[in-house]
Amino acid sequence: MGNYKDPDFQTRKDTAAAAKKAMLQKFRAAAEDPKIAQRQAERVAINEARLVRMAAREAARLKREAELAEELAMAAQREAQARLEAEKAAALLAAEQAEREAAIAAEKKAERDARYAARKAAKKVRRRGY
């Protein structure tokens, strides 16, 4: 036994269609509203300004990176120049040290040879007796 308040299929279908039509009309009215169009235009302007600011920040970042890379290259060049000068100074110092050591070695050899010659001469004198 059916409830007398239960709508039949056609009534439910008509009610759903009417609700759908009312929603569509409400949406169309909202789309044509000048306030909504103005807000949308403001959003577009804000977004474009944001994009401009982002592009400016990106350009500034790229400029900073280029300056930093140039500065690093200059620092590396200065460091290489300083290293080269330090190597030259070290080589010169090593050459001077080697020359000094060679002179000391020659002096010691001359002293040793003189002592050897003196010993030999003394031995000769002792053997001959004069």
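Read-outs: derived from the displayed coordinates by stated rules, not from any lab. Computed from a predicted model, the values in this text were never measured in an experiment. Counting neighbours? That spans all protein chains shown, and the Cβs are built from the backbone with ideal geometry, glycine included.
Of the chymotrypsin sites (Phe, Trp or Tyr not before Pro) found in the stretch 1-95, those in coil by DSSP whose Cβ has at most 15 other Cβ atoms within 10 Å are Tyr4.
With K and R counted +1 and D and E -1, the other residues having a Cβ less than 13 Å from that of Ala91 yield a net charge of -2.
Identify which of the listed values of mean projected area of the Cα convex hull in nm² was calculated from the structure shown: [x] 27.3; [y] 10.0; [z] 7.9. For mean projected area of the Cα convex hull in nm², the calculated option is [x].
If you plug the beta carbon distance of Ala118 and Ala90 into 1/(1 + (r/R0)^6) with R0 = 30 Å, you get a FRET efficiency near 0.10. Between helix 34-128 and the chain there is an angle of about 10 degrees, using the helix long axis and the longest principal axis of the Cα atoms.
Loop-resident trypsin sites (Lys or Arg not before Pro) (DSSP state other than H, G, I, E or B) in the stretch 1-61 with no more than 11 further Cβ atoms inside 10 Å of their Cβ: Lys5. The Lys20 and Ile46 beta-carbon pair, evaluated with R₀ = 35 Å, returns a calculated FRET efficiency of approximately 0.55.
Between 0 and 90 degrees, the angle of helix 9-31 with respect to the longest Cα principal axis of the chain falls at about 60 degrees. Positive-end ranking of Ala37, Ala17, Met54 along the dipole of the stretch 9-96, with charges on Cβ about the Cα centre, is headed by Ala17. Could you name the aspartates and glutamates whose alpha carbon sits less than 20 Å from that of Lys123, not counting residues in the same chain fewer than 8 places away? Of all the aspartates and glutamates, those that pass the test against Lys123 - Cα under 20 Å, at least 8 places apart if same chain - are Glu111, Asp113.
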